[in-house]
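One structure below.
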Amino acid sequence: MLSGTIVNIGIMVNAFVSATVALASLALTIRLTRRHTWSTPALESYTWFWWFTTLVWGCSAVRYVAAGLGYAGEWIGYADMLVQASVFFGGPALFAFLVLRVTNSQLFSTIAALLSFCMGIAALAFVLRPGGIPLNDVTSFSAEATVNIYSFRIFGIEVIILAALAIYDIVHRLRNRATNGDVYQALLAAPLLLYLLLGSIDESKVITSWPLVVFRLLYVAGFLFVYIIITHDEAKDESQLFVTQSEGSYANQ
């Protein structure tokens, strides 16, 4: 069991930050879910990814609370497994979204999601083996566990492919925004690119102790950016609806 007042307080701070990230992700996901005008296959996959993100940080917060209170039993390991499963199975939704945005093909999107799901199963299989999630470091602010090298390699391969797709989508849509939509829609994949970068650093556990707590607050910036995009689109839709209604009223006069 973890002991020492400083260690417990520090880890509870980490739990608070993780809970803040989880709540920000949950608020964003609920907002996306309620956007009926966004109910396209691509944006449904986008929303599912943020649901998995909420699960990742919600479970992480619970894990840190337990560790901060001094618990170090087997349930910590189960929480770690659930966190890693949520990380891996968020991949298919992200692949479905980005491949559909890039290729505009539902077939390619489905194939990519299925391949990512199979890779997630393989990564989780390594996690479930003995020593699949070794304890990496215990500091005043963290009690971090990391995945085994095989699962991390699978994770890394997926991140590289997803980052390439996100960059292509952003560049392509910015170059064609005059005909394919405004700059906000063109940057819809930008928060994903930020999340992939932060998630890769987080998953590798190269940052621990108090810098990790500060670093994790950057996740909220990605959620805020998506929220701005949603708000902009809602305002634009309401403006277009008002113009359409006005034109209809003039036509009936």
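The values are calculated or read from the model by the stated rules, or taken from the named source; none is laboratory data. All values derive from a computational prediction rather than experimental measurement. Cβ: placed from backbone, ideal geometry, glycine included. Neighbour counts: every protein chain shown.
Kindly check whether there is at least one residue in the range 231-247 that is modelled with pLDDT of 70 or more, touching a Lys or Arg at 6+ places or on another chain (Cβ under 9 Å) and not hydroxyl-bearing (Ser, Thr, Tyr). Within the range 231-247 (the criterion being modelled with pLDDT of 70 or more, touching a Lys or Arg at 6+ places or on another chain (Cβ under 9 Å) and not hydroxyl-bearing (Ser, Thr, Tyr)), the answer is no, since none of the residues qualifies.
I need a count of the residues in the range 71-116 that are free of Cβ contacts under 8 Å to residues at least 12 places away in the same chain and in contact with an Asp or Glu (Cβ under 8 Å, 6 or more places away or on another chain). Total satisfying the criteria: 0.
Remark: Ser39 falls outside the filter, which requires a residue to be of a type in the set (Gly, Ala, Ser), out of contact with any His (no Cβ under 9 Å at 6 or more places or on another chain), at pLDDT 90 or above and under 21 Å from Ala189 (Cβ atoms). When you scan the range 72-80, do you find a residue that is over 25 Å from Leu174 (Cβ atoms) and β-branched (Val, Ile, Thr), even just one? Yes - at least one qualifying residue is present in the range 72-80.
When you check Val83 against the structure, is it within 16 Å of Leu196 (Cβ to Cβ) and surrounded by 19 or more Cβ atoms within 10 Å (Cβ to Cβ), yes or no?
Values: within 16 Å of Leu196 (Cβ to Cβ): no; surrounded by 19 or more Cβ atoms within 10 Å (Cβ to Cβ): yes.
Against the criterion (within 16 Å of Leu196 (Cβ to Cβ) and surrounded by 19 or more Cβ atoms within 10 Å (Cβ to Cβ)), Val83 does not qualify.
Being assigned to a helix (DSSP H, G or I) and among the polar types (S, T, N, Q) is the filter; apply it to the range 81-112 and report the residue that is nearest to the chain's Cα centre (by Cα). Lay out the reasoning, then the answer.
Applying the first criterion (assigned to a helix (DSSP H, G or I)) to the range 81-112 yields 81-89, 91-103, 106-112.
From the residues that got through so far, the ones that are among the polar types (S, T, N, Q) too are 84, 86, 103, 106, 109-110.
On the way: Gln84: 13, Ser86: 10, Thr103: 22, Gln106: 22, Ser109: 19, Thr110: 20 Å.
That would be Ser86.
State yes or no: is Asp202 surrounded by 13 or more Cβ atoms within 10 Å (Cβ to Cβ) and at pLDDT 75 or above?
Numbers: surrounded by 13 or more Cβ atoms within 10 Å (Cβ to Cβ): yes; at pLDDT 75 or above: yes.
Considered against the rule, which asks whether it is surrounded by 13 or more Cβ atoms within 10 Å (Cβ to Cβ) and at pLDDT 75 or above, Asp202 comes out as yes.
Quick one: would you say Ile157 is of a type in the set (A, V, I, L, M) and at pLDDT 85 or above? So Ile157 fits the description; yes.
When Thr33, Thr29, Thr54 are screened for being surrounded by fewer than 16 Cβ atoms within 10 Å (Cβ to Cβ) and at negative phi, only Thr33 passes.
Restricting the search to the range 38-69, which residues are aliphatic (A, V, I, L, M) and more than 19 Å from Gln84 (Cα to Cα)? Answer for the range 38-69, where residues must be aliphatic (A, V, I, L, M) and more than 19 Å from Gln84 (Cα to Cα): Ala42, Leu43, Leu69. From the list Leu217, Leu165, the one residue that fits, being out of contact with any Phe, Trp or Tyr (no Cβ under 6 Å at 6 or more places or on another chain), within 15 Å of Ser60 (Cβ to Cβ) and at pLDDT 80 or above, is Leu217.
Once the range 208-230 is narrowed to residues that are closer than 15 Å to Ser18 by Cα and without any contact (Cβ under 8 Å) to a residue 40 or more places away in the chain, the residue that is surrounded by the most Cβ atoms within 10 Å (Cβ to Cβ) is Gly222. With respect to the conditions (1) in contact with a Phe, Trp or Tyr (Cβ under 9 Å, 6 or more places away or on another chain); (2) modelled with pLDDT of 90 or more, Thr54 falls short on a single one, namely (1). Restricted to the range 132-143, and to residues there that are surrounded by fewer than 19 Cβ atoms within 10 Å (Cβ to Cβ) and either within 12 Å of Asp80 (Cβ to Cβ) or under 21 Å from the mean Cα position of the chain (by Cα) (or both), the residue that is modelled with the lowest pLDDT is Asn136.
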